[in-house]
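Colleague: Sharing a structure here in structure tokens format.
The values are calculated or read from the model by the stated rules, or taken from the named source; none is laboratory data. Just so it is clear, the model here is predicted, and its values are computed rather than measured. Positions of Cβ are generated from backbone atoms using ideal geometry, with glycine treated the same way; all protein chains shown enter the neighbour counts.
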Amino acid sequence: MDIEISPLRLDEAEALADLARAVWNVAYPGIIGQAQIDYMLDQRYKPGLVRQLLARGDMWLAARAGGELVGFAHGYPLDNGDFKLDKLYVATELQRHGIGGALIRAVAERARQHGNDRLLLRVNRQNKPAIEAYLKHGFQVATIVVENIGEGFVMDDYVMIRELTAS
């Protein structure tokens, strides 16, 4: 399967929101429950918000197969010189086919080109498949963050870091 990775287009915001909903509804029900899934999707994946983040200059990369959106990554530089990989999702049926790794490499290359030394991300501590994937791609657990995100919901995450200078 040929995968093309390039910047997300404004007209793909709805497809991205649909893909996020499909992936989250498979990955997270046993971890955070449907109410928190719906709350977080509504907060983070509205097409208008995606377009707004694109307009402010955040990096959004799309992975496409046959012109169809099959994965995406979102990130932005932090004030301390790190680059935050904020979102990375691949269509459930295409996971473990190298798409996530290709997105990580593309994010790392762009972050390195902009002078960032490290990639930083947060991942739910119960999301074992994602943690294993990030470890495979050079990330290490740095710390734990438990954050109240409103409406009685909590994020219980590992912060993982990957050095870019040694890549």
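Colleague: Within the stretch 13-59, can you find the residues that are of a type in the set (D, E, K, R), part of a helix (DSSP H, G or I) and farther than 20 Å from Glu93 by Cα?
Modeller: Asp38, Asp42, Arg44, Arg51
Colleague: Another one. Taking Ile5 as the residue in question, decide whether it is surrounded by fewer than 18 Cβ atoms within 10 Å (Cβ to Cβ), of a type in the set (Val, Ile, Thr) and assigned to a strand (DSSP E or B).
Modeller: Spelling it out, Ile5 is indeed surrounded by fewer than 18 Cβ atoms within 10 Å (Cβ to Cβ), of a type in the set (Val, Ile, Thr) and assigned to a strand (DSSP E or B).
Colleague: Another question, if that's okay. Criterion first (surrounded by 14 or more Cβ atoms within 10 Å (Cβ to Cβ) and touching a Pro at 6+ places or on another chain (Cβ under 8 Å)) does Leu103 satisfy it?
Modeller: no
Colleague: While we're here: For the stretch 72-92, indicate whether the set of residues that are hydrophobic (A, V, I, L, M, F, W, C), surrounded by fewer than 20 Cβ atoms within 10 Å (Cβ to Cβ) and not in a loop (DSSP other than H, G, I, E, B) is non-empty.
Modeller: No.
Colleague: Could you list all residues from the stretch 117-130 that are farther than 19 Å from Gly30 by Cβ and at pLDDT below 95?
Modeller: Of everything in the stretch 117-130, just one residue is farther than 19 Å from Gly30 by Cβ and at pLDDT below 95, namely Asp117.
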